[in-house]
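Before any comments, here is the structure.
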Amino acid sequence: SGCQSSRFHEDEKQEFKNVFDLEGLSEKVMGKDAIDYLNGGADDSKTVKANVVAYQKIQIRARRLIDVSTISTKVELFGQTYETPIILSPVGFQKFFHQDGEVATAKASVKKQHQMIVSSVSNYSVNEIAAQSQADLWFQLYPTTNREVTKKLLERAEKAGCKVCVLTVDTPVIGNRERGGTTLTKLIYSKELKMGNYEGILTEGTGIDDPGLTWEIISWLRANCDMKIVLKGIVTREDATLALEYGVDGIIVSNHGGRQLESLRSTIECLPEIVEEIKGRIPVLIDGGIRRGTDIFKALAIGANAVCIGRPFCWGLGALGQEGVEIALDILKAELIRDMQLAGTPSIEKITCDFVIGF
Ligand code: FNR
């Protein structure tokens, strides 16, 4: 009965001490294909691991006798105040993890006041997600090989109320996903799990990734939409310089969670040179391997304005649907707050590079 199943969840919930406990339950609940698609990376998954391990090499320099009785996790991005610097990375095909898919994620993000980024390859369309959750969404764009189709995608996102377009620039082609790769191909052509954003607009022969994409896309986007433009997938100072030259509004330091090019550095190792180049002129966000409040603290200390998380909220989604996403967000926020108290930083601005060593 429903009563029994909710009791099961209550018992399990007490077990969720950290996001890895959600990962554990997700592995019991989801099928093998979904687990491989979610947790897999390119080649031997070395960059997936590097993203996580690199945080462990950085140490925190805590300060003492600072009033930490009240903590603010507020941050400002693109002229708007956000309750927390923890944002949900765009993740495609979320119905594969749980039947409620992106709608569950969006409802959790609204309830817990986190920003969500909707993937181009979401199962529910960006309009449906916005309508069902009332979320202010950001839209992640994979420009197609056909600009007319891409334009319709942008129109769809703007109609759904998106004010920020996150342009993913690390996917001219799909990475060598030895684990979960065949599943991804199946997902793209699946009749059951549709890619909602492309319904009725994807024309014959249009590729959903464009290997011909260059910096020219930025002026085209400026001319064809009113959204802020954020580049996702920057990993070098050279491209940070170009991002400034082309006038983008923000960047996300990302290696796609280690799913695209193997042997890239961990994202936290890429961050210093990019922060140095950007010098606070536009927001710099980071994702990849963030599993603990201390990871978030370290990224903010090194100079990120906010962080994004991918797999951790998906483990929650796979395990328990909307409630699981809420638990993942609660855990990470509670960890961040406690870590800020222990380190002596009552607000996000106070978390500076003096608080970390070893990066
Ligand atoms: C992704 N990521 C991703 N990125 C993107 O720009 N568009 C997308 O559709 C997807 N889809 C996707 C699916 C799955 C299953 C994963 C795990 C990741 C990458 C994602 O936005 C983010 O960069 C990483 O997930 C961050 O790393 P962690 O937090 O998963 O370690």
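Of all residues being farther than 27 Å from Ser45 by Cβ and not in a helix (DSSP H, G or I) in segment 228-259, which is farthest from the ligand (Cβ to nearest atom)? Just the residue, please. Write out each step before concluding.
We begin by selecting, within segment 228-259, every residue farther than 27 Å from Ser45 by Cβ; these are 228-229, 241-250.
The next check asks that each one be not in a helix (DSSP H, G or I); those that pass are 228-229, 246-250.
Details: Lys228: 16, Ile229: 14, Tyr246: 19, Gly247: 21, Val248: 15, Asp249: 17, Gly250: 14 Å.
Filtering segment 228-259 for residues that are farther than 27 Å from Ser45 by Cβ and not in a helix (DSSP H, G or I), the one farthest from the ligand (Cβ to nearest atom) comes out as Gly247.
Asp249 - would you say it is touching a strand residue (DSSP E or B) at 6+ places or on another chain (Cβ under 8 Å) and closer than 25 Å to Lys151 by Cα? Walk me through it before giving the result.
Details: touching a strand residue (DSSP E or B) at 6+ places or on another chain (Cβ under 8 Å): yes; closer than 25 Å to Lys151 by Cα: yes.
For Asp249, the condition - touching a strand residue (DSSP E or B) at 6+ places or on another chain (Cβ under 8 Å) and closer than 25 Å to Lys151 by Cα - is met.
Consider segment 296-334. How many of its residues are closer than 20 Å to Lys112 by Cα and within 12 Å of the ligand (Cβ to nearest atom)? Steps first, please.
Here is the first cut: in segment 296-334, the residues closer than 20 Å to Lys112 by Cα are 296-297, 305-334.
This time we only want the ones that are within 12 Å of the ligand (Cβ to nearest atom), so: 296, 307-315, 317-318, 328, 332.
Qualifying residue count for the region: 14.
Could you check Leu137 against (1) touching a residue at least 60 places away in the same chain (Cβ under 8 Å); (2) touching a Cys at 6+ places or on another chain (Cβ under 8 Å) and say which number it fails?
Exception for Leu137: condition (1).
Taking Gly280 as meeting all but one of (1) of a type outside the set (S, T, N, Q); (2) part of a helix (DSSP H, G or I); (3) at positive phi, write down the number of the exception.
(2)
I need the full set of residues from segment 324-349 which are among the charged types (D, E, K, R) and surrounded by 17 or more Cβ atoms within 10 Å (Cβ to Cβ), in order please. Working first, answer last.
Restricting attention to segment 324-349, the residues satisfying the condition of being among the charged types (D, E, K, R) are 326, 330, 333, 335, 338-339, 349.
Listed by number, the residues that qualify are Glu326, Lys333, Glu335, Asp339.
Which of the residues spanning segment 260-286 are closer than 15 Å to Val75 by Cβ, touching a residue at least 60 places away in the same chain (Cβ under 8 Å) and within 14 Å of the ligand (Cβ to nearest atom)? Give the derivation first.
Taking segment 260-286 as the starting set, the residues that turn out to be closer than 15 Å to Val75 by Cβ are 280, 282-286.
With touching a residue at least 60 places away in the same chain (Cβ under 8 Å) added as a condition, the list becomes 283, 285.
Hit for segment 260-286 is Leu285, nothing else.
Which count do you get for residues in segment 1-30 that are modelled with pLDDT of 95 or more and either of a type outside the set (A, V, I, L, M, F, W, C) or buried (at least 18 other Cβ atoms within 10 Å of the Cβ) (or both)? Before the answer, list the steps.
Here is the first cut: in segment 1-30, the residues modelled with pLDDT of 95 or more are 16-30.
Adding the requirement that they be either of a type outside the set (A, V, I, L, M, F, W, C) or buried (at least 18 other Cβ atoms within 10 Å of the Cβ) (or both) leaves 16-19, 21-28, 30.
Of the residues in that region, 13 qualify.
Check off (1) more than 11 Å from the ligand (Cβ to nearest atom); (2) within 29 Å of Gln115 (Cβ to Cβ) for Leu184 and give me the number that stays unchecked.
(1)
Which of the residues belonging to segment 94-121 are part of a loop (DSSP other than H, G, I, E, B), over 14 Å from Phe313 (Cβ atoms) and within 13 Å of the ligand (Cβ to nearest atom)?
Within segment 94-121, Ser120, Val121 meet the criteria.
May I ask you to say which residue of Ala135, Ala157 is surrounded by 23 or more Cβ atoms within 10 Å (Cβ to Cβ) and in a helix (DSSP H, G or I)? Outline the logic, then answer.
Numbers: Ala135 fails: in a helix (DSSP H, G or I).
Ala157 is the lone residue from the list that is surrounded by 23 or more Cβ atoms within 10 Å (Cβ to Cβ) and in a helix (DSSP H, G or I).
Does at least one position in segment 203-214 carry a residue that is under 18 Å from Gln94 (Cα atoms), within 16 Å of the ligand (Cβ to nearest atom) and either charged (D, E, K, R) or crowded, with 16+ Cβ neighbours inside 10 Å (or both)? Write out each step before concluding.
Kept after step one, since they are under 18 Å from Gln94 (Cα atoms), are these residues of segment 203-214: 208.
Next cut, within 16 Å of the ligand (Cβ to nearest atom) only: 208.
When the remaining residues are screened for being either charged (D, E, K, R) or crowded, with 16+ Cβ neighbours inside 10 Å (or both), the result is 208.
Scanning segment 203-214, I find at least one residue that is under 18 Å from Gln94 (Cα atoms), within 16 Å of the ligand (Cβ to nearest atom) and either charged (D, E, K, R) or crowded, with 16+ Cβ neighbours inside 10 Å (or both), so the answer is yes.
When you scan segment 187-195, do you find a residue that is closer than 20 Å to Gly101 by Cα, in a helix (DSSP H, G or I) and free of Cβ contacts under 8 Å to residues at least 12 places away in the same chain, even just one?
Kept after step one, since they are closer than 20 Å to Gly101 by Cα, are these residues of segment 187-195: 187-195.
Keeping just the survivors that are in a helix (DSSP H, G or I) gives 187-188.
Narrowing further to those that are free of Cβ contacts under 8 Å to residues at least 12 places away in the same chain: none.
No, segment 187-195 has no match at all.
Mind checking whether some residue in segment 64-81 is hydroxyl-bearing (Ser, Thr, Tyr), out of contact with any Leu (no Cβ under 8 Å at 6 or more places or on another chain), in a loop (DSSP other than H, G, I, E, B) and more than 16 Å from the ligand (Cβ to nearest atom)? Outline the logic, then answer.
The initial filter retains those residues of segment 64-81 that are hydroxyl-bearing (Ser, Thr, Tyr), namely 69-70, 72-73, 81.
When the remaining residues are screened for being out of contact with any Leu (no Cβ under 8 Å at 6 or more places or on another chain), the result is 69-70, 72, 81.
Still in the running and in a loop (DSSP other than H, G, I, E, B): 69-70.
Pick out the ones that are also more than 16 Å from the ligand (Cβ to nearest atom) and you get 69-70.
Yes, segment 64-81 has at least one match.
The values are calculated or read from the model by the stated rules, or taken from the named source; none is laboratory data. Just so it is clear, the structure is predicted and the values come from calculations on it, not from any experiment. Cβ sites come from the backbone with ideal geometry, for glycine too, and all protein chains shown count toward neighbours.
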